[in-house]
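Structure first, commentary second.
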Amino acid sequence: MSLPAPSPSDPPYLSGLNAPQREAVLTTEGPVLVLAGAGTGKTAALTARLAHLLFTKRAWPSEILSVTFTNKAAREMRHRVGRLVGDVVEGMPWLGTFHAIGAKMLRRHAELVGLHSNFTILDTDDQLRLLKQLITAADLDEKRWPARALGGLIDGWKNKGLTPADLDAGESELYANGRGKELYAAYQARLIALNACDFGDLLLHMLVILKRDREVLADYQRRFKYIMVDEYQDTNSVQYLWLRLLAQERKNICCVGDDDQSIYSWRGAQVENILKFEKDFPGAAIIRLEQNYRSTPHILAAASGVIANNSGRLGKTLWTDEPDGEKVKVIGVWDGPEEARRVGEEIESCQRAGKSIDDIAILVRAQHQTREFEDRFISIGMPYRIVGGFRFYERAEIRDALAYLRVVAQPADDLAFERIVNVPKRGLGDKAVQKVHQLARAENIPLATAAARILDTDELTPQARRAFANLVGDMARWRALANDTPHPELARQILDESGYTAMWQAEKSAEAAGRLENLTELVRAMEEYDSLTAFLEHVSLVMDNEAAAEEAKVTIMTIHAAKGLEYDTVFLVGWEEGLFPSQRSLDEGGLASLEEERRLAYVAITRARRRAVIIHAANRRIYGQWTSSIPSRFVAELPDAHTESESSMSGGESLWRANWSERADPFADVARGTGRGPGWQRAAGVNPGGSFTSRTFTREPSRVVESRASAVSIGNKGRSDVAVGMRVFHQKFGYGEIAEIEGNKLEIDFEAAGRKRVMDSFVTVG
């Protein structure tokens, strides 16, 4: 297609668009895929395209289906188009989110799936309550087979476009030893009886209708002359199938997305949908938006260098007319606390330079990482906000755990007792709890004391008496243990013996896994305080530190929450193997998960406008013990020409980067699910067939004391522990003799290179 050159008579919606953006707007007929890289102005192109269809009268407003993923995006689209073409945009009934449009369609055809047009859409609480009823009716133990887990499976099945009849034995086996299909069918039948549906039904029911009723499908295919889809890389199976059916007749579908920013597989998104667009729509026009209006050349080159290692992508290269700016900074630090201190110092330096901290963000891979920064910022008086989640100590699982600790430390804390009296479920009904409240008020005593006293009466049912007796007995035992048990260990014991940890372990969901990580981080945080009382006092100060809303604040959030946002300065922390990429993701998803983790890295880097700082730590405290870690493979994939490194680990990092870059098949073991290939071995400072020593430490106030060392054999026999005077070999510095040992750092007198300080994992006994 030959496009007209820009001219002064162009309509206003074409003003300021670059050539690929204009092509995306003016290529109206046939299937079009717009590959819009980060910061390339895809919203401007999408808005102008919609305005063009209306302005040129190619379609009436009611003949355009325009789908977004969020209500905010839909409102912004409507507002922008309205400014360009006027009030005509108000007549667009089919501009909205997938679920909003699905609900509108379903109300027109509800009777075709057994519903009435005034059906109710259940929220999550109602959905869980209904599932619990069905689980009980099926004579299943809800503690073993939680309703939330079944709800997650059903949501996943609906995202895949699967009705109960579509489930195979493998899918059904995922719940209650093969009863998943039966319970899914019972749930759907109960929804129909209630004239209700959940959010997943809004699209699933319509997919069933479109497949089954040719007249309904033909009506919508005639109605929608043009279909436009934003964030196409985030579509799941049911959304993909729904769109493909609607577009098959006219094929005037324009999908805008970025395969390099597909990061939501955990909620059903399938990057394959965008990758196979040309196969689904032969002859499709592929338009690449590659001119970036956000970041500097160094930042874009760094991001491009990382994402180029993915094989599952359509390919594009971002560029910009902006000045080069600063190179991406890579900083290696000793441990997590030093990471938080270093970020705090860098931000204070920005403040002294007159920069607003509103333009600074810290991006983490997992929620539990925020705790270290929150505590540090509280201590130095740095205002901050958590975006896309709660502050660490405000999260439900943390507040529950703190409530247990508060009741143990202060038996008169009624608010804490109320919070955990039936968490996890102990079979205590409202009436039993009310009786304890009545006794406490009548005798003016704490609830915990009232619970103990009421056991000597006949006020409670036998079941409630047993439940209260167990709780009161546990609390008394924990208080006795508090006298001579380290408070972090006491916290672990309380969480385990109360059943609270088991409650979240039983819920097989991504959310539950994150909650367990947060509980682990809570216990780790306690180790920095002398007593339980001191720790709880610290938490109280943190909770009371909410600053005025209008005050400038540093933003802390996960990379997932940062998608679509941008900041002048971005700190990308925790870039270590196992943390980022996430070991859990690699173990569960292999190569596909590794590529998604790499897309996360790409998204993270491209949030930065002017300055990106990547930090990795040599040691992290995990389950109360210090464990050595290696930098993320993504650090090695950063192009040297666009980065500058700073590390306290001597020559270790440069050797590590060189070894990662020379790996022959870094994904071999990842594809098998182990998450570790030959590159991982080299990154640890060994050759395949060598050994890697991981050291674990406990921390004292003024020094790091080695408490345990364990040799992990990779191929041949693991090397013995190092000692002063021992002869060792380093791949970069050659042979030398150990002069000093500090934790897992060695001072070595090398024969050719002189004295160097290196990590012990980078040497082999010579």
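The values are calculated or read from the model by the stated rules, or taken from the named source; none is laboratory data. Quick caveat: nothing in here was measured; it's all calculated off a predicted structure. Using ideal geometry, Cβ is built from the backbone for each residue, glycine included, and neighbour counts are taken over all protein chains shown. Note: areas computed on protein heavy atoms with side chains; ligands, DNA, RNA excluded. Shrake-Rupley method; radii C 1.70, N 1.55, O 1.52, S 1.80 Å.
Listed by position, the strands (runs of 3 or more DSSP E) contained in the stretch 13-100 that have at least 2 residues being open to solvent by less than 10 Å² (accessible area, probe 1.4 Å) and over 30 Å from D321 (Cβ atoms) are 64-68.
Let's see how each residue does on (1) part of a strand (DSSP E or B); (2) small (G, A, S); (3) open to solvent by 10 Å² or more (accessible area, probe 1.4 Å); (4) within 21 Å of R341 (Cα to Cα):
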| residue | (1), (2), (3), (4) |
| --- | --- |
| F571 | yes, no, no, yes |
| G574 | no, yes, no, yes |
| R584 | no, no, yes, no |
| E588 | no, no, yes, no |
| E595 | no, no, yes, no |
| L600 | no, no, no, no |
| A612 | yes, yes, no, yes |
| I615 | yes, no, no, yes |
| R620 | yes, no, yes, yes |
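Among the residues of the stretch 427-448, the ones that are open to solvent by 50 Å² or more (accessible area, probe 1.4 Å) and either aliphatic (A, V, I, L, M) or closer than 19 Å to S498 by Cα (or both) come to 1 in all. Please indicate, with yes or no, whether at least one residue in the stretch 167-183 is within 30 Å of V25 (Cα to Cα) and modelled with pLDDT of 95 or more. Within the stretch 167-183 (the criterion being within 30 Å of V25 (Cα to Cα) and modelled with pLDDT of 95 or more), the answer is no, since none of the residues qualifies.
Inclusion of T235 among residues that are under 29 Å from the mean Cα position of the chain (by Cα) and open to solvent by 10 Å² or more (accessible area, probe 1.4 Å) is not warranted. Just the residues that are closer than 22 Å to L241 by Cβ and open to solvent by 50 Å² or more (accessible area, probe 1.4 Å), please, taken from the stretch 143-169. D155, K160, A165, D166, D168 - these are the residues of the stretch 143-169 that are closer than 22 Å to L241 by Cβ and open to solvent by 50 Å² or more (accessible area, probe 1.4 Å).
So, in the stretch 634-652, how many residues would count as being closer than 28 Å to F750 by Cα and modelled with pLDDT of 50 or more? Steps first, answer last, please.
Taking the stretch 634-652 as the starting set, the residues that turn out to be closer than 28 Å to F750 by Cα are 635-636, 640, 644-652.
Pick out the ones that are also modelled with pLDDT of 50 or more and you get 635-636, 640, 644-649.
Residues in the stretch 634-652 being closer than 28 Å to F750 by Cα and modelled with pLDDT of 50 or more: 9 in total.
Scanning the stretch 330-368 for residues that are touching a helix residue (DSSP H, G or I) at 6+ places or on another chain (Cβ under 7 Å) and free of Cβ contacts under 8 Å to residues at least 12 places away in the same chain yields one hit, Q351. The selection criterion, being closer than 20 Å to A561 by Cβ, part of a loop (DSSP other than H, G, I, E, B), basic (K, R) and open to solvent by less than 50 Å² (accessible area, probe 1.4 Å), holds for R294. For R179, the stated conditions do not hold, so it cannot be described as out of contact with any Phe, Trp or Tyr (no Cβ under 9 Å at 6 or more places or on another chain) and surrounded by fewer than 19 Cβ atoms within 10 Å (Cβ to Cβ). When L204, L217 are screened for being assigned to a helix (DSSP H, G or I) and open to solvent by less than 20 Å² (accessible area, probe 1.4 Å), only L204 passes.
Conditions tested, residue by residue: (1) in contact with a strand residue (DSSP E or B) (Cβ under 7 Å, 6 or more places away or on another chain); (2) in contact (Cβ under 8 Å) with a residue 12 or more places away in the chain; (3) part of a loop (DSSP other than H, G, I, E, B).
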position: R148; (1), (2), (3): no, yes, no
position: L153; (1), (2), (3): no, yes, no
position: A176; (1), (2), (3): no, yes, yes
position: A189; (1), (2), (3): no, no, no
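How many residues does the stretch 728-757 contain that are more than 14 Å from W334 (Cβ to Cβ) and part of a strand (DSSP E or B)? First the steps, then the outcome.
To start, the set of residues in the stretch 728-757 that are more than 14 Å from W334 (Cβ to Cβ) comprises 728-741, 746-756.
Now drop any that are not part of a strand (DSSP E or B), which leaves 728-730, 734-741, 746-750, 754-756.
Residues meeting the conditions: 19.
Restricting the stretch 191-201 to residues that are of a type in the set (G, A, S) and part of a helix (DSSP H, G or I), the residue that is most open to solvent (accessible area, probe 1.4 Å) is A193.
Inspect the stretch 540-550 for any residue being open to solvent by less than 20 Å² (accessible area, probe 1.4 Å) and at pLDDT 90 or above and give the result as yes or no. The answer is no, given that none of the residues of the stretch 540-550 is open to solvent by less than 20 Å² (accessible area, probe 1.4 Å) and at pLDDT 90 or above.
For the stretch 386-395, indicate whether the set of residues that are aromatic (F, W, Y), open to solvent by less than 50 Å² (accessible area, probe 1.4 Å) and assigned to a helix (DSSP H, G or I) is non-empty. So that I can check it myself, show each step before the final result.
First, the residues of the stretch 386-395 that are aromatic (F, W, Y): 390, 392-393.
The next check asks that each one be open to solvent by less than 50 Å² (accessible area, probe 1.4 Å); those that pass are 392-393.
Filter once more, so that each one left must be assigned to a helix (DSSP H, G or I): 392-393.
Scanning the stretch 386-395 turns up at least one residue that is aromatic (F, W, Y), open to solvent by less than 50 Å² (accessible area, probe 1.4 Å) and assigned to a helix (DSSP H, G or I).
Within the stretch 321-367, the set of residues being open to solvent by 40 Å² or more (accessible area, probe 1.4 Å) and part of a helix (DSSP H, G or I) comprises E338, R341, R342, E345, E348, S349, Q351, R352, D358, D359, Q367. Within the stretch 220-239, being in contact with a Leu (Cβ under 6 Å, 6 or more places away or on another chain) and either closer than 13 Å to T163 by Cβ or assigned to a helix (DSSP H, G or I) (or both) holds for Y220, V238.
The test for being within 15 Å of I605 (Cα to Cα) and surrounded by 19 or more Cβ atoms within 10 Å (Cβ to Cβ) holds for G305.
What number goes with the only condition from (1) open to solvent by less than 60 Å² (accessible area, probe 1.4 Å); (2) within 42 Å of the chain's Cα centre (by Cα) that R466 does not pass? The number of the failed condition is (1). Of everything in the stretch 109-142 that is open to solvent by 60 Å² or more (accessible area, probe 1.4 Å), part of a helix (DSSP H, G or I) and not aliphatic (A, V, I, L, M), the residue that is farthest from M503 (Cα to Cα) is E111. Quick check on A412: is it of a type in the set (G, A, S) and not in a loop (DSSP other than H, G, I, E, B)? So A412 fails the test.
In the stretch 734-766, how many residues are of a type in the set (A, V, I, L, M, F, W, C), under 27 Å from R620 (Cβ atoms) and open to solvent by 30 Å² or more (accessible area, probe 1.4 Å)?
Going residue by residue through the stretch 734-766, those that are of a type in the set (A, V, I, L, M, F, W, C) are 738-739, 741, 746, 748, 750, 752-753, 758-759, 762-763, 765.
Retained after the next criterion (residues that are under 27 Å from R620 (Cβ atoms)): 738, 741, 746, 748, 758-759, 762-763, 765.
Pick out the ones that are also open to solvent by 30 Å² or more (accessible area, probe 1.4 Å) and you get 741, 765.
Selection size over the stretch 734-766: 2.
Residues that are buried (at least 19 other Cβ atoms within 10 Å of the Cβ) and touching a residue at least 40 places away in the same chain (Cβ under 8 Å) within the stretch 269-279 comprise V271, N273, I274, F277, listed in sequence order.
Out of all the residues in the stretch 160-169, is one or more touching a helix residue (DSSP H, G or I) at 6+ places or on another chain (Cβ under 6 Å), over 22 Å from Q270 (Cβ atoms) and among the basic types (K, R)? No: zero hits.
Scanning the stretch 493-518 for residues that are closer than 23 Å to A467 by Cβ and either open to solvent by 50 Å² or more (accessible area, probe 1.4 Å) or not aromatic (F, W, Y) (or both) yields a total of 13.
Condition (residue is modelled with pLDDT of 90 or more and either within 19 Å of N195 (Cα to Cα) or hydrophobic (A, V, I, L, M, F, W, C) (or both)) applied to the stretch 65-85: is it met by at least one residue? Yes: one or more hits.
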